[in-house]
1. Once phi is turned into ³J(HN,Hα) by the Karplus curve 6.51 cos²θ - 1.76 cosθ + 1.60 with θ = phi - 60°, what whole-Hz value does each residue of segment 10-24 show in order, with x for glycine and proline?
2. Out of all DSSP beta bridges with both ends in the chain, state the antiparallel percent to the nearest 5.
3. Amide H neighbours of VAL106 under 5 Å, at least 5 residues apart or on other chains, H built in the peptide plane: list them.
4. Among GLU17, GLU7, rank each residue by its count of other Cβ atoms within 10 Å, from fewest to most, as a rough exposure measure.
5. Relative to the longest principal Cα axis of the chain, at what angle does helix 152-164 sit, 0 to 90 degrees, rounded to 10?
6. Rounding to the nearest 10 and keeping the result within 0 to 90°, find how far the Cα-based axis of helix 268-302 lies from the longest principal axis of the chain.
7. In sequence order, what are the phi-derived ³J(HN,Hα) couplings for segment 128-137 according to the Karplus relation 6.51 cos²θ - 1.76 cosθ + 1.60 with θ = phi - 60°, rounded to whole Hz, with x for glycine and proline?
8. Which of GLU280, GLU212, GLU269 moves most in a GNM of the chain, Cα contacts under 10 Å?
Amino acid sequence: MLETSPESPTPVRVISEAIGDYLSRLGAVWIEGELSEVTVRPGAQMVFMRLRDTSADMSISIMCHKSVLESVQPLPQNARVVMHSKVSWYAKNGSLSFSVKEIRQVGVGELLARLEALKNQLDKEGLFDPSRKKPLPFLPKAVGLICGRNSDAEKDVVENAKRRFPSVRFEIREVAVQGAAAVVEVSQALTELDANPDVEVIIITRGGGSFEDLLPFSDESLVRLAANCQTPIVSAIGHEKDAPLLDLVADWRASTPTDAGKRVVPDMEEELTKIKHLQERAVRYLRGRIDLELSRIDGLRARPVLANPVSMVSSRAEVITGLRARAHRTTSHRIELGYEEVANLATAVRTLSPQSTLERGYSVVQKSDGAIVRDATQLTHGEKLRLRFAAGEGSATAD
């Protein structure tokens with residue numbers, strides 16, 4: 001640990017040497033990355049290159065002897081390699097580089113194995129679960145498009161979408177779709193479009209390519225970012241045979257950029273045809289209902305009660321007249337029966353009345369107190385009696 005202060009500063013030489021001593025402890029390391037910017041100067045024995053990290057916007061400077069690079073030639077552009085190197089610090093000018101002793105290209109088989117392992121891991125985490133898929137909007141306000149610069153894939157998407165729905169609006173982000181910068185630029189564009197409230201669906205597309213060219217779209221960081229997006233994503237990477245991991249996490253996988261352009265917007269002509277058919281169907285239905293109701297009205301009008309309304313009144317009047325006559329006959333009969341019953345009762349009363357007995361010549365003898373005499377022994381000599389006849393009364397004296 002260097003002890004320094006404003007009064008006792010350390011010279012540049014000492015600091016530079018200290019850095020060199022510290023870095024020398026790192027020793028030789030194996031580094032993986034994407035090889036780029038290979039500079040081979042004529043007549044020079046050393047080759048200078050840069051090794052990039054495809055998931056981050058960073059790189060380191062490396063150098064190696066020309067023979068080391070020639071041992072793995074030919075290398076494709078942006079080849080993924082593993083290097084055995086040691087850090088070198090040049091104290092004189094304060095520069096750092098990695099001196100490479102061995103270069104190995106990462107084979108397709110190894111890359112496929114890594115992708116398969118990553119695929120299984122993401123699948124276990126549920127990132128490919130169909131329940132996570134978001135439905136695409138019927139008619140988005142704006143379509144986000146992430147594509148290569150001036151690419152055929154961009155033209156295919158835009159032209160096919162506008163052919164189906166001419167007024168569709170695009171938010172286009174042209175980025176690197178292969179190479180070291182692809183993951184970073186695609187991720188930045190995806191984050192930006194996902195934050196745009198007008199963008200309701202995002203298409204990520206490129207027009208096919210080799211297995212190595214499509215590797216950025218299987219990068220773990222990009223795949224996880226796509227899985228966490230709130231906006232539905234359509235993946236249109238390559239063609240039917242190409243299958244980067246982004247296809248599995250996307251909400252919709254389009255086989256081609258053309259297919260993506262057709263999928264995100266409806267066909268205006270087709271929708272207008274549907275509307276026309278629905279209108280015709282509605283008109284037919286309404287006309288049918290109107291005709292049905294008119295036929296019902298005609299049927300009601302054809303009924304006798306509506307054809308000649310007076311007949312209904314006449315029939316009811318006849319019924320009422322019949323009921324009145326019946327009621328009159330019934331009432332008259334009941335009155336006659338009542339008269340007969342009263343006459344019979346009057347006859348019975350007369351027959352049972354004492355008056356009728358008197359009318360046959362009998363009389364009723366009563367004492368002065370009104371008591372009726374039924375036995376002669378009830379009388380005393382000289383007692384005043386009252387005689388009641390059928391017509392009038394008289395008096396008498398008992399002997």
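1. Ordered by residue, 3J(HN,Hα) equals 9, x, 4, 4, 5, 4, 5, 5, 5, 5, x, 5, 5, 6, 5 Hz.
2. About 65 percent, rounded to the nearest 5.
3. Answer set, sorted by chain and number: ARG80, VAL81, VAL82.
4. GLU7, GLU17
5. 20 degrees
6. 10 degrees
7. 9, 4, x, 5, 7, 5, 9, x, 7, x
8. GLU280
Read the figures in this text as sums done on the coordinates, not as results from a lab. Please read these numbers as outputs of a predicted model, since none were measured by experiment. With ideal geometry, Cβ positions are generated from the backbone for all residues, glycine too; neighbour counts draw on all protein chains shown.
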